[in-house]
1. Return Leu39, Leu111 ranked ascending by Cβ neighbour count within 10 Å, so the fewest neighbours appear first.
2. Which residue, Val44, Val57, Val107, has the most motion in a Gaussian network model of the chain that connects Cα atoms within less than 10 Å?
3. So how much slack lies between Gln116 and Arg6, counting 0.36 nm per residue of separation and subtracting their Cα-Cα distance, in nm?
4. Quick one: order Phe133, Phe22 by neighbouring beta-carbon count within 10 Å, fewest to most.
5. Rounded to whole Å and ordered largest first, report the semi-axes of the equivalent ellipsoid of the chain derived from its Cα gyration tensor (root of 5λ).
6. So, in nm, how far is label Glu124 from label Lys71 when the simple model puts each one 7 Å beyond its Cα toward the Cβ?
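Only the coordinates and a few stated rules stand behind these numbers; no lab work does. What you are looking at is a predicted structure, and each value in this text was computed from that prediction instead of being measured. A quick note on method: Cβ atoms are made from the backbone with ideal geometry, for glycine too, and the neighbour counts reach across all protein chains shown.
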Amino acid sequence: MNIYVRPGNNLGPNQLDRCIDFLAEAGAVQYFKTAKERLHLALVVATIRDGPYFDLVGMGAIKADLPEYNKKISERSGYSLPFNMREIGYIAVAEAYRGKGYSKQIVKRLLEFDAQVFATTSSEAMMSTFRHFGFKRKGDIWTSKEGKALSLWVKEE
């Protein structure tokens, strides 16, 4: 399987909708309008496709830098993020493909475009992936609007 990478603004409307549907099915997003806007603005979006119809089986993105968002994350975590640091996120793998290292392949490919990024997650699997690439947990754990314990992970070179 290949990883396809393109800027978020190069995703057509149907591709963007398919990515959002995929993230929703994987439980990776709660706020679809915000996710769609942020995916369209992303520095890069990586997708893994499989089969004769190039089914989407995994994806991730390096989101655009959003200073106000970084400020909120800094306040919630108690760790001061640089306001221009980008977030790596929207990382999801279809259930049938999990446990095969695809999230690591996605993160590795995305880090080629920006190696100084941060992530927030409640997923133990993603924490393991971030540790693998040298991310460090920073600040305090906080509770998301959905009641999940979120932590901040930072990759600095």
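1. The most exposed by this proxy come first: Leu111, Leu39.
2. Top of the fluctuation ranking is Val57.
3. Details: separation 110, 0.36 × 110 = 39.60 nm, distance 1.89 nm.
Additional length available on full extension: 37.7 nm.
4. Details: Phe133 17, Phe22 21.
Result, fewest neighbours first: Phe133, Phe22.
5. 24, 17, 15
6. Calculated label separation equals 3.7 nm.
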